[in-house]
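*Asks:* Dropping a structure here in structure tokens format, bear with me for questions.
The values are calculated or read from the model by the stated rules, or taken from the named source; none is laboratory data. Worth saying up front: this structure is predicted, and the values here are computed from it rather than measured. Every residue, glycine among them, receives a Cβ derived from its backbone with ideal geometry; neighbour counts consider all protein chains shown.
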Amino acid sequence: MTEPVVLVDWRSDTTAIVTINRPRALNALNPEVIEKLAEALAGCQREKIRHVVVTGSGDKAFVAGADISVMKNMRRGEARHFARRGQRVLHLLSRYPGVTIAAVNGFALGGGMELAMACDLIVASSNARFGQPEVGLGVIPGFGGTQRLVRLVGEQRARELILTGRRFKTDEAVRLGIVLEMVEPGEALDAALGLAERIGANGPKAVHYAKEAIRLATELDLEIGLQEEAEYFGLCFDTVDQTEGMAAFLEKRKAEFKGR
Ligand code: CO8
């Protein structure tokens, strides 16, 4: 029996680990992985999972890119379709109504780095390697790299990284603001789960609205962004969690959030 290319580990009622599972190809993304990733995210949403941790199988790679053997013989239309489909699935990940955390445990190259950047937060082991090496293969990033990297590091550094295609280590990724936290080899998954737990102590609705408002900061003009922030702030006051969170503070007890 062949192993599923994407595994979902239901860690708790609120947290799931989604693992890209093609270790022999360093977890390269082929069309099947892309579809199974979309199904995994839909399953997480159905189960009302609040924290999705994305990682790669084995100790060598997070995801070493889109599958080069699949792309090799593509023509223009097919390549465009593959890029669009991958972008849409990563869009689902970036808009997931909960927090998504990439636990980068090794190579995160090309589509792998793009997958990580579609998550809300990235933690990575010190042995991980990042890069957008596509120009070295005669193509360009196609799963959002030209757009998300610019938003994360600014135009100059994004140009340098994409146009040279150079690989870089986790400490540089932290300095550039791509990665939140560097941990010891083998500890990325636990670090991501720890981060999920810390976030999970807060009001789930508030976390979701905060995530949405932060996303708008990179997409909207400041004045419109501030209006949107006020809208989300107002929405919080329609939630049970706001009543509970503020009552708990005043009563000097721990809040028991319901996610409503
Ligand atoms: N695609 C397919 N197979 C891969 C990939 C990949 N991206 N990466 C590794 N593999 C395979 C290797 O072919 C090898 O298979 P086999 O054992 O059958 O020969 C196996 O994984 C192990 O890899 P290596 O032997 O190369 O392992 P090394 O430790 O020597 O090297 C590296 C590890 C440095 C990660 C190396 O494998 C490498 O450079 N891989 C390719 C990295 C890369 O260029 N990624 C970018 C791909 S392009 C991309 O992601 C575009 C995204 C947008 C797509 C838009 C749609 C059109």
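*Asks:* Name the residue that is nearest to Leu115 (Cα to Cα), counting only residues in region 77-104 that are away from the ligand (no atom under 13 Å from the Cβ) and among the polar types (S, T, N, Q).
*Replies:* Ser94
*Asks:* Okay, moving on. Say we look at region 134-143 and pick out the residues that are buried (at least 20 other Cβ atoms within 10 Å of the Cβ) and part of a loop (DSSP other than H, G, I, E, B); which of these is nearest to the chain's Cα centre (by Cα)? Before you say what the answer is, go through the steps one by one.
*Replies:* Here is the first cut: in region 134-143, the residues buried (at least 20 other Cβ atoms within 10 Å of the Cβ) are 134, 141-143.
Those still in the list that are part of a loop (DSSP other than H, G, I, E, B) too: 141-143.
On the way: Pro141: 17, Gly142: 16, Phe143: 13 Å.
Only one residue tops the list, namely Phe143.
*Asks:* Which residues, taken from region 93-133, are in a strand (DSSP E or B) and basic (Lys, Arg)?
*Replies:* Arg129
*Asks:* Is region 49-56 home to any residue that is on the phi > 0 side of the Ramachandran plot and assigned to a loop (DSSP other than H, G, I, E, B)? Explain how you work it out, then say what you get.
*Replies:* The initial filter retains those residues of region 49-56 that are on the phi > 0 side of the Ramachandran plot, namely none.
Checked against the condition, which is being on the phi > 0 side of the Ramachandran plot and assigned to a loop (DSSP other than H, G, I, E, B), region 49-56 yields no hits at all.
*Asks:* Would you point out the residue of region 206-260, among those that are basic (Lys, Arg) and closer than 24 Å to Leu149 by Cα, that is surrounded by the most Cβ atoms within 10 Å (Cβ to Cβ)?
*Replies:* Looking at the filtered set, the residue picked out is Lys211.
*Asks:* Now a separate question. Are any of the residues in region 63-75 under 20 Å from Leu121 (Cβ atoms) and more than 12 Å from the ligand (Cβ to nearest atom)?
*Replies:* As a first pass, look at region 63-75 and keep what is under 20 Å from Leu121 (Cβ atoms): 63.
Then drop every residue that is not more than 12 Å from the ligand (Cβ to nearest atom), which leaves none.
Within region 63-75, none of the residues are under 20 Å from Leu121 (Cβ atoms) and more than 12 Å from the ligand (Cβ to nearest atom).
*Asks:* Please return the ranges of helices (runs of 4 or more DSSP H) entirely within region 166-260 where 3 or more residues are within 29 Å of Gln45 (Cβ to Cβ), touching a Gly at 6+ places or on another chain (Cβ under 6 Å) and aliphatic (A, V, I, L, M). Break it down stepwise before answering.
*Replies:* Details: elements: 170-176, 188-200, 204-217, 222-236, 240-250.
Of the helices (runs of 4 or more DSSP H) lying wholly inside region 166-260, none has at least 3 residues that are within 29 Å of Gln45 (Cβ to Cβ), touching a Gly at 6+ places or on another chain (Cβ under 6 Å) and aliphatic (A, V, I, L, M).
*Asks:* Right, something else. Within region 1-47, which residues are over 17 Å from Val104 (Cα atoms), part of a strand (DSSP E or B) and touching a residue at least 40 places away in the same chain (Cβ under 8 Å)?
*Replies:* Passing the criteria: only Thr15.
*Asks:* While we're looking at this one, here's another question. In contact with a Leu (Cβ under 6 Å, 6 or more places away or on another chain) and within 22 Å of Arg129 (Cβ to Cβ): which single residue out of Ala28, Ala103 fits that description?
*Replies:* Working: Ala28 fails: in contact with a Leu (Cβ under 6 Å, 6 or more places away or on another chain).
Just a single option satisfies the conditions, and that option is Ala103.
*Asks:* With the condition kept exactly as written, say whether any residue in region 144-151 is buried (at least 21 other Cβ atoms within 10 Å of the Cβ), hydrophobic (A, V, I, L, M, F, W, C) and under 16 Å from the mean Cα position of the chain (by Cα).
*Replies:* Yes.
*Asks:* For Phe130, indicate whether it is more than 10 Å from the ligand (Cβ to nearest atom) and either at pLDDT 95 or above or crowded, with 17+ Cβ neighbours inside 10 Å (or both).
*Replies:* Yes; evaluated as a whole, the condition is true for this residue.
*Asks:* Could you count how many residues in region 172-224 are under 24 Å from Trp10 (Cα atoms), touching a residue at least 40 places away in the same chain (Cβ under 8 Å) and not charged (D, E, K, R)?
*Replies:* Of the residues in region 172-224, 17 are under 24 Å from Trp10 (Cα atoms), touching a residue at least 40 places away in the same chain (Cβ under 8 Å) and not charged (D, E, K, R).
*Asks:* Can you report the number of residues in region 210-229 which are among the β-branched types (Val, Ile, Thr) and modelled with pLDDT of 95 or more?
*Replies:* From region 210-229, those among the β-branched types (Val, Ile, Thr) are 214, 218, 224; that's our starting set.
When the remaining residues are screened for being modelled with pLDDT of 95 or more, the result is 214, 224.
Qualifying residue count, region 210-229: 2.
*Asks:* Answer yes if at least one residue in region 154-163 is more than 12 Å from the ligand (Cβ to nearest atom), in contact (Cβ under 8 Å) with a residue 12 or more places away in the chain, out of contact with any Pro (no Cβ under 8 Å at 6 or more places or on another chain) and basic (Lys, Arg), and no otherwise. Steps first, answer last, please.
*Replies:* Of the residues in region 154-163, the ones more than 12 Å from the ligand (Cβ to nearest atom) are 154-161, 163.
Then keep just the ones that are in contact (Cβ under 8 Å) with a residue 12 or more places away in the chain; that gives 157-158, 161, 163.
So of that shortlist, the ones also out of contact with any Pro (no Cβ under 8 Å at 6 or more places or on another chain) come out as 157-158, 161, 163.
Pick out the ones that are also basic (Lys, Arg) and you get 157.
Yes, region 154-163 contains at least one residue that is more than 12 Å from the ligand (Cβ to nearest atom), in contact (Cβ under 8 Å) with a residue 12 or more places away in the chain, out of contact with any Pro (no Cβ under 8 Å at 6 or more places or on another chain) and basic (Lys, Arg).
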